[in-house]
1. Using beta carbons and a limit of 9 Å, which pairs, at least six apart or on different chains, have the first residue in the range C:129-147 and on the phi > 0 side of the Ramachandran plot and the second one surrounded by 13 or more Cβ atoms within 10 Å (Cβ to Cβ) and not in a helix (DSSP H, G or I)?
2. Show me the helices (runs of 4 or more DSSP H) found entirely inside the range B:1-86 where at least 2 residues are surrounded by 20 or more Cβ atoms within 10 Å (Cβ to Cβ) and out of contact with any strand residue (DSSP E or B) (no Cβ under 9 Å at 6 or more places or on another chain).
3. So which residues in the range B:279-301 are in a loop (DSSP other than H, G, I, E, B) and without any contact (Cβ under 8 Å) to a residue 12 or more places away in the chain?
4. Could you list, in sequence order, all residues of the range B:220-278 that are free of Cβ contacts under 8 Å to residues at least 12 places away in the same chain, out of contact with any helix residue (DSSP H, G or I) (no Cβ under 7 Å at 6 or more places or on another chain) and not in a helix (DSSP H, G or I)?
5. Does residue B:189 fit the bill of being in contact (Cβ under 8 Å) with a residue 40 or more places away in the chain and more than 26 Å from residue B:267 (Cα to Cα)?
6. Looking only at the range A:53-84, count every residue that is in contact (Cβ under 8 Å) with a residue 40 or more places away in the chain and closer than 18 Å to residue C:51 by Cβ and tell me the total.
7. The conditions are (1) within 12 Å of another protein chain (Cβ to nearest Cβ); (2) in a helix (DSSP H, G or I); (3) at pLDDT below 80, and residue B:648 fails exactly one of them. Which is it?
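The values are calculated or read from the model by the stated rules, or taken from the named source; none is laboratory data. None of these values were measured; they are calculated from a predicted model. Using ideal geometry, Cβ is built from the backbone for each residue, glycine included, and neighbour counts are taken over all protein chains shown.
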């Protein structure tokens, strides 16, 4: 794997990140937003693991934080879905454009 | 490790501790007062609180606070005497090693560092430190000594403040006694004054300066139920602020130019010659700024109006603060800053002193309130000191400061004793014949009168004689300034006149008010003892061998050693002063004797007629109209200006105009409301717009990062 | 072109295609399927990098857990007027422009960043070393991650309770009903 290097992985991660952001901006479905967030988190994780592989000082740290991010992402997904279900129960929709009750 | 008790290595630290000692009763009294007030409100319901309350004196203030303050100040006095003797000895043994001497008697350290960018200029720092030299050592001992005596005197004088209710006849109210508070202020004053004296830099002096100012304010307004007292306190404070503004300007110029405020450093940088760092105009401005501060504190013309009004405070306060010590701080600072002044500034100082001493002495001729006479006399004597410093007689001026402190404290305490004996009668016209009722007070005061008049072999004579001979020498050397000799000569005659007038009116002749006379009695032991001590000091503080030579005395000798090199610029005047010493002394004595004799012929030989005792009128009684002019120009002027501004601001009673100050303020408010309304619209609550903003920010940050990363 | 490079290209292409599919899919169910492709691609990339434990964890947690959860969510909420939730063309253009701008910025930045030397012949520490680090056993450099591990554990517990609370069926208790009316 040494001949691939860090940069291609970073570019792949950047692409995933950009897709995640595009998801966040364009999707109106709440679960679509959640998918965008998952993409973004995966992009970050990919960066971390690639750094663990190619940067000598991050051998263990990169992996450790990747594990932590996976765990937190799972937790975040669970809570977000719970909130969406609650919202759906109350409003019968998951359109985030209608969820603007907290505006000033 | 800093060991403040390391007297063997740093004997100067004795002064440091002596300065901090008066702060102990301040803290203790504050704690006790807080506990007492808290316990008082709860003492009806809470048995513990009521026990605390009764322990702290209950409804009657305890005298413990006074004793406590006295003990600590006495300890401070003891330390300073020890320090003075040691310093005197060491200044002889280490005479040719000034470095070693200043290492043992001075220390300093950075207090606040004012960071400049590295490499551009070394960061400046405000320093704290102390430096003992002959002047500060003598002043320190004088302040603690007189302070202790006045603390003792106050134990008797302020006795009625320990009552549960005090009836204030002047304000027509009854109130609780405030004994502890009095000593709290006095101790705080002692600390501030001592801090001012040992300070080795202008900034620390300024701190002490403001602290003594605020203590003076508290103490003038001690009977704050009286309108006159609270007004006088305000007046003193505000007039002093004007002087302090000048002082701050001077300090700021010094700091901006030299980056240090340490007296020693500044003296080496300037030392009587124009420094290369500043223009001549700036040099003069710095000196004038510092001097304006001294003018305010030492009640010189044109800022002298506060001192006579300051007599509204209790009499021991007048003695300690407004005669012996605090008002002398201005003279002290001029003496301290001697190397920093330009020649033009010295001339200003001399003429300022001249005007003050003439005007104040002339007003004192007609005053009928015993304390007012003394107040104007104080102004006048401070004028003598300023004049002496202005003509280069550093030693003479500061010697007069020291001797004056003793006899003026004596005179004020004597006046306090008379006032208390006569049940708060201050009008000289109501007294008379009191010599028979209070002999000790009368003869102690006579010593003070003789000293201030400059009768030979009393302490005042030594210093006044030196001042007059220096003034004569200066005016001989510079013919244009002949007034600088004749002014003080006439004032010396006037001094003798009004002081003897005071004494004759109060103590001799038939009693003019039988009621007052019948109730008059000698004061208790605690008040008489300080009088006797001060009378002895006023007599002999400046004695030496041979007795007719002022510089032979311990004081003169020590001051002479501490004289700054800048005084040598007046060498020409000094030589002629030496030559005309006898003439000046003779003329001064003649003036004093004529004044005293004229006073005796008017008031002492026979009982003064009622015509002589009517309410004085004319320009003197109006104090040369200073108060009236200030009232008209500044007070009315600013009130009128304010009324005009208020009128311009409003068209109706509640209608602010649009383009005036009020309108501008309303405009700011309207702008804030409008901005808030607009900002509110950004908060849409839509998740996707937030994400949009987030992403845009991220892109912006990344762009900035890549643009500036290299 | 060596084998690792070829493998990386294949995996990267699949992952990127999957991610693009998530963005472009009209139906939310299809987006979920494309997300599945992208996540599997990422886990294969982990395997390629030599982080076998992480790859396995990615497969189990994301593909097996989170994604199934999401599909459940889609199924529960996928009723009613879904046709109304459509993205406008303006938003497509805006979103696309933003995303490409971001991508460009990230790529230039990561290419400009200093590239550390690639250590030869070293593999990543496996699950054993990872577990030791989490349990607070310091490695040769003295690093250990017991505290982050504890924090994450507590966080997870809190989140579980919160999720259970939020998603619970709301049943009116008799007392509440009486109070309300």
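1. C:136/C:144; C:136/C:145
2. B:13-20, B:23-42
3. Answer for the range B:279-301, where residues must be in a loop (DSSP other than H, G, I, E, B) and without any contact (Cβ under 8 Å) to a residue 12 or more places away in the chain: just B:279.
4. B:273, B:276
5. yes
6. Here the count works out to 3.
7. Here residue B:648 meets the rest and fails (1).
Residue-wise test of (1) under 16 Å from residue A:58 (Cα atoms); (2) at pLDDT below 80.
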{"residue": "C:120", "(1), (2)": "yes, yes"}
{"residue": "C:125", "(1), (2)": "yes, no"}
{"residue": "C:128", "(1), (2)": "no, no"}
{"residue": "C:134", "(1), (2)": "yes, no"}
{"residue": "C:142", "(1), (2)": "yes, yes"}
{"residue": "C:153", "(1), (2)": "no, no"}
{"residue": "C:156", "(1), (2)": "no, no"}
